[in-house]
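The values are calculated or read from the model by the stated rules, or taken from the named source; none is laboratory data. Since the structure is predicted, the reported quantities are computational estimates derived from the model, not experimental observations. Cβ: placed from backbone, ideal geometry, glycine included. Neighbour counts: every protein chain shown. Each accessible area value is taken on the protein alone, full model and side chains, heavy atoms only, with ligands, DNA and RNA left out. Shrake-Rupley method; radii C 1.70, N 1.55, O 1.52, S 1.80 Å.
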Amino acid sequence: MQVSIETTSGLGRKVTVGVPAERIESAITERLESASKSVKLDGFRKGKVPMQVVKQRFGADIRKEVVGELMGKTFSEAVSQEKLNPAGQPSIESVTNEPGQDLEYVAVFEVFPEITLGDFSQLNIEKPVSEVTDDDVTVMLDALRKQGATWEEVDRPAAIGDEVAIDFVGTKDGEEFEGGRAEDFLIELGTGRAIPGFEEGVVGMSVGEQKVLSLKFPESYHAEELRGADVEFTVTLHSVTEAVLPELNDDFFAQYGLRQGGEEKFREIVRQNMERDLKNSLRAKVKARVMEALFDMHSDVELPDVLVANEVRAMKHQMIQSMGQGANNFDPNMLPDDMFMDQAKRRANTGLLVTEYVKSNKLKVDTDRVRERIEEIASTYEESDEVIQHYLNNQQLLQGIEATVLQEQVVDAVLAVANVTEKPVNYQEAIKPDGQQ
């Protein structure tokens with residue numbers, strides 16, 4: 001087998017592979033002989049079909065099959081022989097394939113970059129630490145009660161937390177702008193759904209009152225023609241309703257599956273759920289910060305286009321899935337690549353860094369941590385034992401958990417040598433991803 005290599009770009013390679021005709025013809029003959037023993041044709045007994053007939057009827061298909069298999073096998077042999085590490089499947093540019101002649105084909109692909117890991121002791125990582133307090137549990141209980149609240153109309157000025165029904169008309173330079181009018185619009189004051197100052201302007205209004213609010217659209221507003229614009233909203237208030245929260249009693253607890261134990265037991269269960277969420281959030285936050293630090297240290301690593309494209313494709317599918325069932329028929333390819341490109345490059349970069357660390361340090365996945373993680377997931381289900389067995393018996397699910405745990409082992413290894421500063425934060429801050437504070 002003859003192999004020649006051409007570098008087409010930093011990571012791009014073009015490999016020309018020549019396979020001797022004897023190897024091809026030998027494989028074809030072997031396949032034909034095997035077929036002649038089992039093929040059934042009218043007028044011939046099984047296993048008694050003449051080789052010439054078998055070749056005439058099936059030769060072209062068998063040759064195509066053999067050549068395809070040999071191209072796959074010889075490509076693997078070629079990259080192994082030349083110590084190349086392809087980052088994806090090759091694209092076959094041309095094939096010379098004539099009976100009795102050597103097979104020659106050209107494969108184009110990218111290779112993984114050679115990576116030299118930096119000195120992790122130079123990294124600075126701020127690690128958030130937090131705990132669930134009694135006040136946090138009380139806030140969570142109030143949030144749960146609010147989910148089951150009923151709304152009653154009241155005869156008083158509107159206040160933060162009330163739901164109001166309003167009409168409004170927005171104008172810019174005295175002219176009504178598109179999307180600036182609504183009737184009987186329901187809004188809960190204090191939620192921040194409207195532009196800055198709108199909800200605050202409604203606070204204190206009474207039913208039947210009309211008020212003009214002079215406001216300014218934020219510079220980041222989605223409608224370009226309204227970004228940073230000075231506007232006026234004429235608001236008319238029609239009704240004010242306040243939330244009536246359910247009592248913390250057995251009927252309320254039963255809605256969440258608790259049949260006995262009362263408020264003390266319910267608080268205990270809520271705290272356990274909050275502590276699990278807090279643990280997961282802190283773990284994710286620290287991991288994200290370590291990966292960000294690794295990216296900053298190795299931002300000059302050249303990335304194979306195929307890896308970035310794979311990340312873009314994965315992020316598109318993740319976005320579609322997050323939209324719920326309503327987006328089932330939405331084609332991910334309609335989403336622009338640029339929307340995901342920066343994050344995709346970061347993910348591809350850190351993926352390579354993790355892989356390099358695992359390889360260079362011969363790191364093995366911690367099976368105890370894998371089991372612990374599966375048990376964590378299973379603990380949120382009633383039939384936890386069945387969930388555990390489902391993960392252990394499903395190779396794809398198990399490999400996903402193992403990959404996650406291996407990443408966390410790398411994170412731990414980085415934290416063990418980096419300059420780590422612990423920063424106490426409250427529960428609400430801890431459970432929000434960075435960038436959403």
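A few remarks follow.
- Of the residues 169, 238, 352, the one whose Cα sits farthest toward the positive end of the charge dipole of the chain, with +1 on the Cβ of Lys and Arg and -1 on the Cβ of Asp and Glu, is 352.
- Dipole magnitude of the stretch 53-209 about its Cα centre (Cβ charges: Lys, Arg +1; Asp, Glu -1), debye to nearest 20: 1400
- Dipole magnitude (debye, nearest 20) for the stretch 178-285, charges at Cβ of Lys, Arg, Asp, Glu: 700
- Given +1 at the Cβ of Lys and Arg, -1 at the Cβ of Asp and Glu and no other charges, the dipole of the chain around its Cα centre is 3000 debye to the nearest 20.
- Shape call, the stretch 114-237: gyration tensor on alpha carbons, a/c limit 1.5: oblate
- Tensor-based shape of the stretch 266-420 (alpha-carbon gyration tensor, a/c under 1.5 rounded, otherwise prolate or oblate): oblate
- Calculated FRET value between residue 432 and residue 206, using beta carbons and R₀ = 41 Å, to 0.05: 0.70
- Spin-label pair residue 243/residue 394, simplified geometry with 7 Å Cα→Cβ offset, distance in nm: 3.5
- Remark: the chain carries 61 Å² of accessible area per residue (probe radius 1.4 Å; ligands, DNA and RNA excluded).
- Between helix 367-378 and the chain: long-axis angle, C-alpha atoms, 0 to 90°, nearest 10: 50
- When each of 14/362; 146/432; 279/345 is checked by Cα-Cα distance, pairs over 24 Å: 14/362; 279/345
- C-alpha long axis of helix 262-297 to longest principal axis of the chain, angle in °: 50
- Size of the stretch 30-142 from its Cα atoms: along the principal axes, largest to smallest, the extents are 88, 42, 20 Å.
- The chain shape via C-alpha gyration tensor axes, a/c threshold 1.5: prolate
- Using just its DSSP H runs of length 4 or more, each adding -39500 (n - 2.57), the chain gives a mean residue ellipticity at 222 nm of -14500 deg cm²/dmol after division by all residues.
- Report note on the peptides 136-145, 1-10: ranked by the mean count of other C-beta atoms within 10 Å, highest first, their order is 136-145, 1-10.
- Carbon/sulfur fraction of accessible area - the chain, other protein chains in place, 1.4 Å, %: 46
- Virtual spin-label span in nm between residue 167 and residue 69, 7 Å along Cα→Cβ: 8.0
- Rounded to 10°, Cα long-axis angle of helix 21-36 versus longest principal axis of the chain: 90
- Annotation: the stretch 193-306 has a Kirkwood hydrodynamic radius of 20.6 angstrom, from the mean reciprocal C-alpha pair distance.
- Selection from 118, 100, 128 lying farthest towards where the dipole of the stretch 100-139 points positive, charges on Cβ: 100
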